[in-house]
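Notes to accompany the following structure.
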Amino acid sequence: NREIHLASRPEGWPTAENFRLVEVPVPEPGPGQVVVRNRVMSVDPYMRGRMNAGESYIPSFRVGEAMDGGAVGEVVASASPGLAVGDTVLHGLGWREYARLDADKARKVDTTAAPLSAYLGALGMVGLTAYVGLLDIAAMRPRDTVFVSGAAGAVGSIAGQIAKLRGSPRVIGSAGSAAKVEYVTRELGFDAAFNYHDGPVAEQLKAAAPDGIDVYFDNVGGDHLEAAIDSLNLHGRVALCGAISQYNAEEAAPGPRNLFLAVGKRLTLRGFLVGDHADRMPDFVAEVGAWLREGRLRVDETVVEGIENAPEAFLSMLRGANRGKMLVRLA
Ligand code: NDP
């Protein structure tokens, strides 16, 4: 049984040295507990924040201890009447091959309805983030022109597709390579996209949205947010989902210099955390689940094999190596 510990806290960009692979015994379940053999685990941008010391909306990882995060696996030992050996469960103790946890912290998932990995992606936290952010937080309406940053990533690829499925006439994406631009326009149905390395975001966005945008789904922050504020129309709305351009910065970046435009344009900029919106799960599963079954929503994954490669999967996700959700499959 191997697990990944936080070896040290990064300054700026994390490296392989910040992680350590540690061999530990396979645990035994205590009363009310189960032991789960993890099959697939998630690496997510928010984990970068948890590598830092200090208060946040979610506890920091501790140096010298195992990291954690979303995972799906099979119950291999149970001391709880609620779960049986062989059940497949979603839980929060990834970054290890075997997890011991209280049975009430594990949710049984239906392996006939969708592949295991879907519960860490399109049918899980990632899909719900896209759904709630676009429809509730940014209150997207069918005639809205929508801009999504991080468009080829897990959340962004789904947000852009939901915007089309919900009737947006024009969805624009940004991403970090020509191949990703081609992917979101050719394969995901975005109407336009640009590579943010090709030139100032504000200019590229104006060219792609000459009549402005009504909604911005922000995964990136920084210059993307400033560009969106420039291009937003009257009563435009922004879902502040993430700011990945800032996560590895050693100094705080200046805020959008044009924020005052929000006054005259009566803009709404609203942050949210998906964890507060579990009540939307039934609507989300009904609507997004149907699109998936009908083949109207395309979901891609980038899969890395083996717990020993989980740190590299995480680091390469931060660098943009993923298309869709970055996952680690465990042997
Ligand atoms: P992604 O699958 O989008 O992976 C991260 C992507 O970020 C990379 O593929 C890379 O793509 C892009 N990226 C990295 N650095 C930069 C940069 N400097 N500028 C622009 N893009 C960059 O991750 P997720 O879909 O899991 O997460 C997307 C965002 O949503 C994150 O900001 C995350 O924190 C946030 N989030 C928020 C939640 C909430 O509850 N509010 C819940 C879940 C996620 P590229 O090649 O295009 O650069």
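The values are calculated or read from the model by the stated rules, or taken from the named source; none is laboratory data. Quick caveat: nothing in here was measured; it's all calculated off a predicted structure. Here Cβ is always computed from backbone atoms with ideal geometry, including for glycine, and neighbour counts include all displayed protein chains.
Tabulated data for the structure shown
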read-out: Qualifying position, being within 17 Å of the chain's Cα centre (by Cα), closer than 30 Å to residue 8 by Cβ and surrounded by fewer than 21 Cβ atoms within 10 Å (Cβ to Cβ), among 70, 92; value: 92
read-out: Candidate set from segment 145-187 (those that are part of a loop (DSSP other than H, G, I, E, B) and within 13 Å of the ligand (Cβ to nearest atom)); member that is surrounded by the most Cβ atoms within 10 Å (Cβ to Cβ); value: 149
read-out: Condition broken by residue 142, with the remaining ones in (1) closer than 27 Å to residue 236 by Cβ; (2) free of Cβ contacts under 8 Å to residues at least 60 places away in the same chain; (3) within 14 Å of the ligand (Cβ to nearest atom) satisfied; value: (3)
read-out: Residues of segment 8-44 that turn out to be closer than 25 Å to residue 119 by Cβ and assigned to a loop (DSSP other than H, G, I, E, B), as a count; value: 6
read-out: Residues located in segment 246-267, provided they are surrounded by 10 or more Cβ atoms within 10 Å (Cβ to Cβ) and touching a residue at least 40 places away in the same chain (Cβ under 8 Å); value: 247, 248, 249
read-out: Residue count for segment 188-221, restricted to those that are over 16 Å from residue 146 (Cβ atoms), surrounded by fewer than 18 Cβ atoms within 10 Å (Cβ to Cβ) and not polar (S, T, N, Q); value: 7
read-out: Residue list for segment 196-221, restricted to those being within 13 Å of the ligand (Cβ to nearest atom) and farther than 24 Å from residue 162 by Cβ; value: 197, 198
read-out: Hits in segment 227-245 (condition: surrounded by fewer than 20 Cβ atoms within 10 Å (Cβ to Cβ) and away from the ligand (no atom under 13 Å from the Cβ)); value: 230, 233, 234, 235
read-out: Single residue of segment 282-310 satisfying the filter (of a type outside the set (D, E, K, R), within 16 Å of the ligand (Cβ to nearest atom) and touching a Lys or Arg at 6+ places or on another chain (Cβ under 9 Å)) that is farthest from residue 133 (Cα to Cα); value: 304
read-out: Scan of segment 34-59 for residues that are out of contact with any Ser or Thr (no Cβ under 8 Å at 6 or more places or on another chain), at pLDDT 95 or above and within 16 Å of the ligand (Cβ to nearest atom), ordered by number; value: 41, 42, 43, 44, 45, 46, 47, 48
